[in-house]
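Asker: What follows is a single structure, and I will ask about it in a moment.
The values are calculated or read from the model by the stated rules, or taken from the named source; none is laboratory data. Quick caveat: nothing in here was measured; it's all calculated off a predicted structure. Cβ: placed from backbone, ideal geometry, glycine included. Neighbour counts: every protein chain shown.
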Amino acid sequence: MADYAGRLPVATPESQPYWDGLKEHKLMLPTCDDCGPHFYPRPFCPMPKCFNWDIKWTQASGKGKVHTFVISHQPIPPYNSEDNPPPYVIAVIELEEGPRMMSNLIMDDPYSTTVDMDVEIVFDDVTDEVTLPKFKPV
Amino acid sequence: MDQIRHKVAIVGAAETDDLGQLPHMSRLALHAQAAKNALDDAGISLADVDGLLCAGAIPNEVAEYLGIQPRYIDGTSVGGCSFMIHVRHAVAAIMAGYCDVALVTHGESGRSGVDAPRGGSASSPGGQYEAPFAIGGAPTTFSIPVLRHFHEYGTTKEHLAHIAAATRAWANLNPMAMMGSHRRTPERGGGPITPQDVLNSRMICYPFNLLDCCVVADGGGALVLVSEERAKDYAKDPVYVLGAGEAAAHWMVSQMRDHTTADGYRIAGEAAYKSAGLGPQDIDHCMFYDAFTFTPLMAAEDLGFVPKGEGGPFFAETKTGPNGEVIYKSGPGGDFPMNTNGGGLSYCHTGMYGMFAIIESVRQLRGECGDRQVPDVNVSMAHGPGGMFASAGTLILSNA
């Protein structure tokens, strides 16, 4: 894992709980009592009429649907080796709780992906420090 | 809302001497050469410039490089539509007396990478929430909304392929176009293509094949603007700004509110129409930023030229010309002339293409386009996104 080739995120103080949650294999979403959860993590509710700074972290189910996707044939790390070649799927997942997030789909055949397909989270421990939220078909 | 209509004019517009592969020129040299060419086009001295607007560079960088000290600056740098937004801001600045002669510059070593800063922070939202999923530049992100549009409206790759073929047909009439017949080479190709050629080209990032994607180039362009009162004092016929709009809708494409509608396009378009007192039916010629074939389709829908979801069949409509040739809806001879320079798809795309869309609108309105001149162009729209449908800028320009 030490030689992971892909780009790694670096948390900010505001997003640290999100990345800490993933490391424990939990998808945590910042949540407003009135407006519900949002993505990506911000320390306030990003609904302009609310703009409430009282945010709690809640655990998402990890279930969702493929909102839209592409199949990249580019050799972008980590999809650039003999073991892990392109093509690969980049998808926007609509979580059961509502927010949408970018991810990769783990697919035997990328071209069997469909819009609105049901998926669930896979916690990919790409390094000792970083776990990426990826998804696979249910 | 008609305060800005016809108050300011573009009196100079030009690209760099060449476009394409220019490893001998840096980012700032491209800005400067484009500035020289646009000022020469207008017949204005650099010494008269007192407003400077640029993207992809801090205004101070360009001012220092050129040796000027402008009293009005704008460094709005939100991607390819920055220059439409600069024109809008220059109109306001000239009307307010903040400057008299506004110079808008673009220079980008998008292919050779000579002083081309790349990539953002790994702590930025994009660095945390998109980049780790093997995002590889625009083909993997500008493509994200497309399959949702296909899913909801039945749009197809065949529809999109017609836009590429139509745009190439315009490029074949433009000696400057990288992929046009004039500049075709055995290595790079160029010259006429059919929709089937687009579908047969190498897959880059489904649903985009190679010929759904813009070219990658070095180049630059610039504009010079002055008040309507002074506009007739210069070398060329003025092109008046009738209307303009801008918007910022999101930044990461995953956070786009509705992947089938560009909110920014609608906001910018509505402001442009309102300030011009015009609607889509009044536009004779469109320059719709085409980083990919899907991009102008979204513009045609969100700017009201076709109902939402009907852009695919609209652009796929063809007719047969007098010599049996295929006439594409948006191509030469078609009834929706669009991207008549050959577009980002086949003319030039540096990374922030919007400047070139405006230059072509100006040239069509002046009647300077030779073989590709569209008859009776009196009102032209230049519109583009910045980022992945993230921001938008719209201009409605006229020669009268």
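Asker: Just one of (1) in a loop (DSSP other than H, G, I, E, B); (2) at pLDDT 95 or above; (3) within 14 Å of chain A (Cβ to nearest Cβ) trips up B:G136, so point out which.
Answerer: Unmet condition: (2).
Asker: For region B:156-163, does any single residue satisfy the condition of being touching a residue at least 12 places away in the same chain (Cβ under 8 Å), within 14 Å of chain A (Cβ to nearest Cβ), in contact with a helix residue (DSSP H, G or I) (Cβ under 8 Å, 6 or more places away or on another chain) and basic (K, R)?
Answerer: Checking region B:156-163: at least one residue is touching a residue at least 12 places away in the same chain (Cβ under 8 Å), within 14 Å of chain A (Cβ to nearest Cβ), in contact with a helix residue (DSSP H, G or I) (Cβ under 8 Å, 6 or more places away or on another chain) and basic (K, R).
Here's the yes/no breakdown for (1) touching an Asp or Glu at 6+ places or on another chain (Cβ under 9 Å); (2) within 24 Å of B:P238 (Cα to Cα):
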residue: B:L30; (1), (2): yes, no
residue: B:Q33; (1), (2): yes, yes
residue: B:A42; (1), (2): no, yes
residue: B:A47; (1), (2): no, yes
residue: B:L66; (1), (2): no, no
residue: B:P70; (1), (2): yes, yes
residue: B:T76; (1), (2): yes, no
residue: B:G79; (1), (2): no, no
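Asker: Next up: Quick one: would you say B:D263 is surrounded by fewer than 22 Cβ atoms within 10 Å (Cβ to Cβ), within 14 Å of chain A (Cβ to nearest Cβ) and among the acidic types (D, E)?
Answerer: Against the criterion (surrounded by fewer than 22 Cβ atoms within 10 Å (Cβ to Cβ), within 14 Å of chain A (Cβ to nearest Cβ) and among the acidic types (D, E)), B:D263 qualifies.
Asker: Could you tell me which residue of region A:1-49 is surrounded by the most Cβ atoms within 10 Å (Cβ to Cβ), considering only residues that are in contact with a strand residue (DSSP E or B) (Cβ under 6 Å, 6 or more places away or on another chain), in a loop (DSSP other than H, G, I, E, B) and more than 14 Å from every other protein chain (Cβ to nearest Cβ)?
Answerer: A:C45
Asker: In addition: Scanning region B:188-217 for residues that are among the charged types (D, E, K, R) and within 15 Å of B:T167 (Cα to Cα), which turns out surrounded by the fewest Cβ atoms within 10 Å (Cβ to Cβ)?
Answerer: Step one: list which residues in region B:188-217 are among the charged types (D, E, K, R), which gives B:188, B:197, B:202, B:212.
Pick out the ones that are also within 15 Å of B:T167 (Cα to Cα) and you get B:197, B:212.
On the way: B:D197: 17, B:D212: 28.
The residue in question is B:D197.
Asker: Could you give every pair whose Cβ atoms fall below 8 Å, whose first residue belongs to region B:111-127 and is within 9 Å of chain A (Cβ to nearest Cβ) and touching a residue at least 60 places away in the same chain (Cβ under 8 Å), and whose second residue is in a loop (DSSP other than H, G, I, E, B) and surrounded by 14 or more Cβ atoms within 10 Å (Cβ to Cβ), counting only separations of at least 6 or pairs across chains?
Answerer: B:P125/A:Y40; B:P125/B:W251; B:P125/B:M252
Asker: Within region B:92-107, can one find any residue that is more than 8 Å from chain A (Cβ to nearest Cβ), within 30 Å of B:I44 (Cα to Cα), touching a Lys or Arg at 6+ places or on another chain (Cβ under 7 Å) and modelled with pLDDT under 95?
Answerer: No, region B:92-107 contains no residue that is more than 8 Å from chain A (Cβ to nearest Cβ), within 30 Å of B:I44 (Cα to Cα), touching a Lys or Arg at 6+ places or on another chain (Cβ under 7 Å) and modelled with pLDDT under 95.
Asker: Select from region A:1-52 the residues that are of a type in the set (K, R) and more than 19 Å from B:A131 (Cα to Cα) and write down the one among them that is modelled with the highest pLDDT. If you could, list the steps in order and put the result at the bottom.
Answerer: Let us first name the residues in region A:1-52 that are of a type in the set (K, R), namely A:7, A:23, A:26, A:42, A:49.
Those left that are additionally more than 19 Å from B:A131 (Cα to Cα): A:26, A:49.
Details: A:K26: 98, A:K49: 94.
The extreme case among them is A:K26.
Asker: Is region A:62-73 home to any residue that is assigned to a loop (DSSP other than H, G, I, E, B), within 10 Å of another protein chain (Cβ to nearest Cβ) and either under 19 Å from the mean Cα position of the chain (by Cα) or farther than 25 Å from B:C205 by Cα (or both)?
Answerer: No.
Asker: Okay, moving on. Determine which member of the set B:L30, B:L52 is in contact with a helix residue (DSSP H, G or I) (Cβ under 6 Å, 6 or more places away or on another chain) and surrounded by 23 or more Cβ atoms within 10 Å (Cβ to Cβ).
Answerer: When all the criteria are applied, what remains is B:L52.
Asker: Can you name the condition, by its number, that B:V146 falls short on among (1) more than 14 Å from chain A (Cβ to nearest Cβ); (2) in contact with a helix residue (DSSP H, G or I) (Cβ under 6 Å, 6 or more places away or on another chain)?
Answerer: Only one criterion in (1) more than 14 Å from chain A (Cβ to nearest Cβ); (2) in contact with a helix residue (DSSP H, G or I) (Cβ under 6 Å, 6 or more places away or on another chain) is unmet by B:V146, namely (1).
Asker: Can you confirm whether region B:186-201 contains a residue that is in contact with a strand residue (DSSP E or B) (Cβ under 7 Å, 6 or more places away or on another chain) and free of Cβ contacts under 8 Å to residues at least 24 places away in the same chain?
Answerer: Looking for residues that are in contact with a strand residue (DSSP E or B) (Cβ under 7 Å, 6 or more places away or on another chain) and free of Cβ contacts under 8 Å to residues at least 24 places away in the same chain, one finds at least one in region B:186-201, hence yes.
Asker: Looking at (1) part of a loop (DSSP other than H, G, I, E, B); (2) more than 8 Å from chain B (Cβ to nearest Cβ); (3) exposed (fewer than 15 other Cβ atoms within 10 Å of the Cβ); (4) not aliphatic (A, V, I, L, M), which is the only condition A:P77 fails?
Answerer: Failed condition: (2).
Asker: Answer yes or no: is there a residue in region B:288-296 that is of a type in the set (F, W, Y) and either modelled with pLDDT under 95 or outside any strand (DSSP E or B) (or both).
Answerer: yes
Asker: Being over 13 Å from B:G221 (Cα atoms) and in contact with a Pro (Cβ under 9 Å, 6 or more places away or on another chain) is the requirement here; does B:S45 meet it? Let's see the steps before the verdict.
Answerer: Working: over 13 Å from B:G221 (Cα atoms): yes; in contact with a Pro (Cβ under 9 Å, 6 or more places away or on another chain): no.
For B:S45, the condition - over 13 Å from B:G221 (Cα atoms) and in contact with a Pro (Cβ under 9 Å, 6 or more places away or on another chain) - is not met.
Asker: Of the residues that make up region B:172-187, is at least one surrounded by 22 or more Cβ atoms within 10 Å (Cβ to Cβ) and touching a Pro at 6+ places or on another chain (Cβ under 8 Å)?
Answerer: yes
Asker: Next question. Which is among the polar types (S, T, N, Q) and touching a Cys at 6+ places or on another chain (Cβ under 6 Å), of A:N84, A:N104, A:N52, A:N80?
Answerer: A:N52
Asker: Could you please let me know if B:A171 is modelled with pLDDT of 95 or more, more than 19 Å from B:P207 (Cα to Cα) and in contact with a Ser or Thr (Cβ under 6 Å, 6 or more places away or on another chain)?
Answerer: Yes: the conditions hold for B:A171.
Asker: For region B:363-395, how many residues are more than 16 Å from B:A300 (Cβ to Cβ), of a type in the set (A, V, I, L, M, F, W, C) and assigned to a loop (DSSP other than H, G, I, E, B)?
Answerer: Residues in region B:363-395 being more than 16 Å from B:A300 (Cβ to Cβ), of a type in the set (A, V, I, L, M, F, W, C) and assigned to a loop (DSSP other than H, G, I, E, B): 5 in total.
Asker: Continuing with this model, one more query. Looking at B:I144, is it closer than 20 Å to A:N104 by Cβ and not hydroxyl-bearing (S, T, Y)?
Answerer: When the stated conditions are applied, B:I144 passes them.
Asker: Looking only at region A:106-134, count how many residues are at the interface with chain B (Cβ under 10 Å from one of its Cβ atoms) and on the phi < 0 side of the Ramachandran plot.
Answerer: Here the count works out to 11.
Asker: Can you tell me which residues in region B:327-360 are surrounded by 24 or more Cβ atoms within 10 Å (Cβ to Cβ) and charged (D, E, K, R)?
Answerer: B:E360
Asker: Report yes if A:V92 is under 30 Å from B:V146 (Cα atoms), within 8 Å of chain B (Cβ to nearest Cβ), surrounded by 14 or more Cβ atoms within 10 Å (Cβ to Cβ) and touching a residue at least 24 places away in the same chain (Cβ under 8 Å), otherwise no.
Answerer: Against the criterion (under 30 Å from B:V146 (Cα atoms), within 8 Å of chain B (Cβ to nearest Cβ), surrounded by 14 or more Cβ atoms within 10 Å (Cβ to Cβ) and touching a residue at least 24 places away in the same chain (Cβ under 8 Å)), A:V92 qualifies.
Asker: If you scan region A:80-96, which residues turn out to be among the hydroxyl-bearing types (S, T, Y) and not in a strand (DSSP E or B)?
Answerer: Of everything in region A:80-96, just one residue is among the hydroxyl-bearing types (S, T, Y) and not in a strand (DSSP E or B), namely A:S81.
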